[in-house]
1. May I ask you to list the residues in segment 20-44 that are under 16 Å from residue 139 (Cβ atoms) and under 14 Å from the mean Cα position of the chain (by Cα)?
2. Right, residue 144: of a type in the set (Ser, Thr, Tyr) and free of Cβ contacts under 8 Å to residues at least 24 places away in the same chain or not?
3. If a residue has to be surrounded by 13 or more Cβ atoms within 10 Å (Cβ to Cβ) and of a type in the set (S, T, N, Q) to count, how many in segment 68-101 make the cut?
4. Go through (1) without any contact (Cβ under 8 Å) to a residue 60 or more places away in the chain; (2) loosely packed, with under 13 Cβ neighbours inside 10 Å; (3) hydroxyl-bearing (Ser, Thr, Tyr) and name the single condition residue 64 misses.
5. Would you mind telling me which numbered condition in (1) in a helix (DSSP H, G or I); (2) modelled with pLDDT under 95 residue 110 fails?
6. Among the residues of segment 1-48, count how many are assigned to a helix (DSSP H, G or I), of a type in the set (Gly, Ala, Ser) and either closer than 26 Å to residue 103 by Cβ or out of contact with any strand residue (DSSP E or B) (no Cβ under 9 Å at 6 or more places or on another chain) (or both).
7. Only one of these is modelled with pLDDT under 95 and either over 19 Å from the mean Cα position of the chain (by Cα) or under 21 Å from residue 30 (Cβ atoms) (or both): 73, 62. Name it.
8. Can you spot a residue in segment 102-122 that is surrounded by fewer than 20 Cβ atoms within 10 Å (Cβ to Cβ), closer than 21 Å to residue 25 by Cα and not small (Gly, Ala, Ser)?
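The values are calculated or read from the model by the stated rules, or taken from the named source; none is laboratory data. A quick note: this is a predicted structure, and the numbers were derived from the prediction, not measured. Cβ sites come from the backbone with ideal geometry, for glycine too, and all protein chains shown count toward neighbours.
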Amino acid sequence: MSKKTLSIILNILLIIGMFSALFLVYEHFSPSASKFCTFGTSFDCGIVNKSPYANLDGLSYLLTIDFNLPIPLIDISSINLFLDLLTSNAFLGFLTLLLIFLLRTKFKNKKLLWIAPEKNTKWVIGLLTFGIIYGFYLFLIQHYILKTYCIFCLILDAAILGSLIIMWKLKNE
């Protein structure tokens, strides 16, 4: 495939990931779980997005409550709505994908914050790699602890994985 075609596919994957993340933000803050992405007991976005693991605080919850480690429970997300938004995995995923999209499009040849144009590819691959690792952690939480999956979380994970594969192809061409 040509670089142009791969770039178009990458942008489409990033947009799919951003829309999926935005839906997950909506699901996280809605008063009740949406029936839109509930398919029996195996697939329920509401359970996943309303669990303590839906925020960065989930790591503290996992270590303190699930693994019984003698460390203090960090619960920043329950302080107020703004901090809940800032620590929401879905919102952080959206911001990350938006940053990657901007680095690949509007700021391809311009500096964005502290990221020089010649470092864009390294930043994008680094962010996507971190996204895969963190997404795998969240997948394990869904599988072993919650015992249900979130379709939109899996779509987001697939979009990140596909984006990373395409970025590796673009880097090596």
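1. Within segment 20-44, 20, 21, 24 meet the criteria.
2. Numbers: of a type in the set (Ser, Thr, Tyr): yes; free of Cβ contacts under 8 Å to residues at least 24 places away in the same chain: yes.
Here the answer is yes, as residue 144 does meet what is asked.
3. Here the count works out to 5.
4. Looking at each condition in turn, residue 64 falls short on (2).
5. All conditions are met except number (1).
6. Selection size over segment 1-48: 4.
7. Working: 62 fails: either over 19 Å from the mean Cα position of the chain (by Cα) or under 21 Å from residue 30 (Cβ atoms) (or both).
Residue meeting the stated conditions: 73.
8. There is at least one residue in segment 102-122 that is surrounded by fewer than 20 Cβ atoms within 10 Å (Cβ to Cβ), closer than 21 Å to residue 25 by Cα and not small (Gly, Ala, Ser).
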